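The values are calculated or read from the model by the stated rules, or taken from the named source; none is laboratory data. This is a predicted model, so every value here is computed, not measured. Using ideal geometry, Cβ is built from the backbone for each residue, glycine included, and neighbour counts are taken over all protein chains shown. Quick note on the areas: whole protein, heavy atoms, side chains included, nothing else; ligands and nucleic acids left out. Shrake-Rupley method; radii C 1.70, N 1.55, O 1.52, S 1.80 Å.
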Amino acid sequence: MTDPATPAAHDRSTPPDALHEFLRAAVSRGASDVHVKTGDVVRARIDGTLTPVSERSLTLAEVREMATRLAGAAAVEGALAGEREYDGTYGVAGVSRFRVNLFRQRGTLMMVLRTIPAEVPDFASLRLPPVVERLAQLERGMVVVTGSTGSGKSSTQAAMIEHLNRTVCRHVVTLENPIEFLFDDRRCSITQREVGPDTRDFASGLRSAMRQDPDVILIGEMRDAETTDIALKAAETGHLVLSTLHTPDAVSTVHRMLSLFPPLEQAAVRVRLSESLKAVISQRLLLAKSGRGRVLACEILIATPAIRDMIAGGKPFEDIREQMEEGREQYGSQTFDAHLEELVREELVSYETALAASSSPADFELRFRLDGLAAGGAADPLAAFGRF
């Protein structure tokens, strides 16, 4: 793994200053994001909560100086003029790399920096289900990782790529905006391209990738019908395609992919999607019961023959969830609520946290109350799990 002391060529790195001290303090406390805002203290998202990491508010001049060192004068002027936002990466030697978004708010500057771990995570450290390893080894088809911003989608994709990198000989092409995790070539040849510096947009980069002898193509996000169409073509022509969407669960992911296309095209897209989609991995990060750190809850949709028929035939997608529950033992699928029950049983998250994150809170609560597991239930609320 490339050390953060030697960031990619498009990263900017500056001598230690106040910004570096804020970032160092935030990373040492396990922060996932750092907010630098004119007229406010510096805040870091630690275990899901925004926490102040500076004692006083920053002036516009201070934020502007930090932003200029980080992104350059042209990016700062563009943001202040309201013409464009800046997306890039930034490396601090001995600390971490960061994904940076610089933008204007109320006529002043603000930056949000997302921490990119120096080491590529593995399946065990992310507590991903064993089926994800099998999905990474697919020869062809499409696997979509979904969730809200900050739910760990990039980490899951990176773990899948690094697993391939250590186990098989393939050419992996990534299209990202910006590049996050940096990979060293091991058994794989990994070509990383950034939208902007390396290619005009996702659609252009994806078209080019098809001519670059890829085995695996990673697309940072399927943002529109054009990109999704090309991604489906890549999967249809024998490539493994990994991508992301901002959707809350697996079923809504199928809805979302179809909705990107005009109504008259959706019947044909249903058939293509039923043939190419292999799995959807939906993620949510929850506060650990200990109060320190976060725990991954995930929903896995495996495209079984029954589910493929539902997608192609236009049947109600709500029935897919029932198929996911029934296919857990045979295929490795799972719903959010089933995984949340496991996390409560293992005392990794509290019942209250799991209830708030559940897809069907009423059903989730009813199940737990029937077993004496909800708040206010049995004196030892976890003991009832022994009956399962």
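Please give the residues of the stretch 326-348, grouped as numeric ranges, whose backbone N is less than 17 Å from a label point set 7 Å along the Cα-to-Cβ vector of residue 133.
It comes to 331-333, nothing else.
Report the residue, chosen from 121, 263, 52, that carries the largest GNM mean-square fluctuation when the chain is represented by alpha-carbon nodes joined by springs under 10 Å.
Looking only at 121, 263, 52, the biggest GNM fluctuation is shown by 263.
Suppose every K and R has +1 on its Cβ and every D and E has -1 on its Cβ; what is the size of the dipole of the stretch 209-322 about the Cα centre, in Debye to the nearest 20?
Here the size comes out at about 500 debye.
With springs only between Cα atoms under 10 Å, which of 134, 345, 328 fluctuates most in a Gaussian network model of the chain?
With Cα springs under 10 Å in the chain, the top fluctuation among 134, 345, 328 is at 134.
If you average the C-alpha positions of the stretch 41-63 and of the stretch 275-312 separately, how far apart do those two centres end up, in angstrom?
With the stretch 41-63 and the stretch 275-312 each reduced to a Cα centre, they are spaced 33 Å.
Per residue of the chain, what 222 nm ellipticity follows from adding -39500 (n - 2.57) for every DSSP H run with n ≥ 4, rounded to the nearest 500?
Result for the chain, helices only: -10500 deg cm²/dmol.
What shape does the stretch 162-249 take by its C-alpha gyration tensor, where a ≥ b ≥ c are the square roots of the eigenvalues and a/c under 1.5 counts as rounded, a/b above b/c as prolate, and the rest as oblate?
Since a/c stays below 1.5, the shape of the stretch 162-249 is classed as rounded.
On average, how much accessible surface per residue is there in the stretch 239-303, in Å², for a 1.4 Å probe, leaving out ligands, DNA and RNA?
Value for the stretch 239-303: 37 Å² per residue.
Highest GNM mean-square fluctuation, the chain, Cα pairs closer than 10 Å: which of 316, 361, 130?
316
List the lysines whose Cα lies under 25 Å from the Cα of residue 233, skipping any in the same chain that are fewer than 8 positions away.
List returned: 153, 278, 315.
Compute, for the chain, the length of the dipole vector about the Cα centre, with Cβ point charges of +1 (Lys, Arg) and -1 (Asp, Glu) only. Units Debye, rounded to 20.
480
Would you work out what percent of the accessible area of the chain, with all protein chains in place, is carbon or sulfur (probe 1.4 Å)?
49
Say each of residue 233 and residue 207 gets a label point 7 Å from the Cα, pointing the same way as Cα to Cβ; how far apart are those two points in nm?
0.8
Would you mind checking which residues have amide H under 5 Å from residue 294's amide H? H placed 1.01 Å from N; only 5 or more apart, or other chain.
Placed amide hydrogens put 288 under 5 Å from residue 294.
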